[in-house]
Amino acid sequence: MTYRGHVRNGQIALDDPAPLPEGAEVSVQVLNNSDPQVTRREILQMSIEQRRQLLMRQSDRLAGTYADDAERTQWQGGDILE
């Protein structure tokens with residue numbers, strides 16, 4: 001499972017409460033956030049080409065997160081039945 005959070009006062013704080021038991025072992029991955037935070041309004045004001053470039057950078061940055069997720073590949077694996 002993945003939970004989003006930020007560093008606040010030198011400590012990692014989750015954005016939303018997570019149902020983790022006390023003492024649970026966790027792993028923290030620091031995301032390289034080279035793109036500044038962009039509001040929805042700013043995205044709407046971008047040209048189509050600017051939006052495409054932003055989305056390409058974001059998808060390249062996050063591709064490894066999803067590719068290495070064993071839980072996701074387990075439930076998504078197997079043959080497709082029609």
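The values are calculated or read from the model by the stated rules, or taken from the named source; none is laboratory data. Source: prediction; values computed, not measured. Cβ: placed from backbone, ideal geometry, glycine included. Neighbour counts: every protein chain shown.
Any residue in segment 28-48 that is closer than 26 Å to Leu14 by Cα sitting within a Cβ distance under 8 Å of a residue that is modelled with pLDDT of 80 or more and of a type in the set (S, T, N, Q)? List the pairs, counting only those 6 or more apart or interchain.
Short answer, once both residue conditions are applied: Asp35/Gln58.
The rows are residues; the columns are (1) in contact with a Phe, Trp or Tyr (Cβ under 6 Å, 6 or more places away or on another chain); (2) under 29 Å from Gln74 (Cα atoms); (3) of a type in the set (S, T, N, Q).
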| residue | (1), (2), (3) |
| --- | --- |
| Thr2 | no, yes, yes |
| Gly5 | no, yes, no |
| Arg8 | no, no, no |
| Asp16 | no, yes, no |
| Val26 | no, yes, no |
| Glu42 | no, no, no |
| Gln45 | no, no, yes |
| Leu54 | no, no, no |
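When you scan segment 46-55, do you find a residue that is surrounded by 10 or more Cβ atoms within 10 Å (Cβ to Cβ), at pLDDT 80 or above and basic (Lys, Arg), even just one?
Checked segment 46-55: at least one residue is surrounded by 10 or more Cβ atoms within 10 Å (Cβ to Cβ), at pLDDT 80 or above and basic (Lys, Arg).
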